[in-house]
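See below for the structure under consideration.
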Amino acid sequence: MGFTIQDETVLQEVAAEIERARSLHGDYHSAHEAYAVIKEELDEFWDIVKMKSAKRSASAMKTELIQIACTAIRTVSDLALQEGLKHRGAGLD
């Protein structure tokens, strides 16, 4: 199957959000910190999902989903969860 042009566009938006978030907040220093940020973003998405569909903003949903993807990718990178990567943050605790 592979990536579509739309997938590539979304991935570019996630990459831009990673750069923005890292410049504002720096690296995650622990799994606990990363979990808290992921949970916060997921809760914000859930708040939108719980709205009646007529009141939901597709743009707001997209923003939260991009931020969820961003935080997940940053966690993998910052906590060196990929095999062979040097750890960027302080620990996996």
query: What ³J(HN,Hα) values, in whole Hz, does the Karplus curve 6.51 cos²θ - 1.76 cosθ + 1.60 give for region 30-41 when θ = phi - 60°, with x put for Gly and Pro?
result: 7, 5, 4, 4, 4, 4, 4, 5, 4, 4, 4, 5
query: Counting only the heavy atoms of the protein chains, how much of Leu79 is accessible to a 1.4 Å probe, in Å² to the nearest 10?
result: 0
task: Only Cα pairs under 8 Å and at least 6 apart count here; give the relative contact order of the chain as a rounded whole percent.
output: 38
task: Give the angle, between 0 and 90 degrees and rounded to the nearest 10, that separates the Cα long axis of helix 58-78 from the longest principal axis of the Cα atoms of the chain.
output: 10
- prompt: If you build a Gaussian network model of the chain, linking Cα atoms that sit under 10 Å apart, which residue out of Lys52, Lys39, Lys62 swings the most?
  reply: Lys52
- line: Largest-first ranking of Phe3, Phe45 by accessible area, probe 1.4 Å, whole protein assembly kept, is Phe3, Phe45
- prompt: Between (1) 75; (2) 101; (3) 122, which matches volume of the Cα convex hull per residue in Å³ calculated for the structure shown?
  reply: (3)
query: Say we join alpha carbon atoms closer than 10 Å with springs in a Gaussian network model of the chain; which of Val37, Val49, Val14 then has the biggest fluctuation?
result: Val49
- request: Averaged over every viewing direction, what's the projected area of the C-alpha convex hull for region 1-49? Give it in nm², one decimal, please.
  value: 4.9
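The values are calculated or read from the model by the stated rules, or taken from the named source; none is laboratory data. Since the model is a prediction, treat every value here as computed from it, not as a measurement. When the accessible area is computed, the model is the full protein with side chains, heavy atoms only, and any ligands, DNA or RNA have been set aside. Shrake-Rupley method; radii C 1.70, N 1.55, O 1.52, S 1.80 Å.
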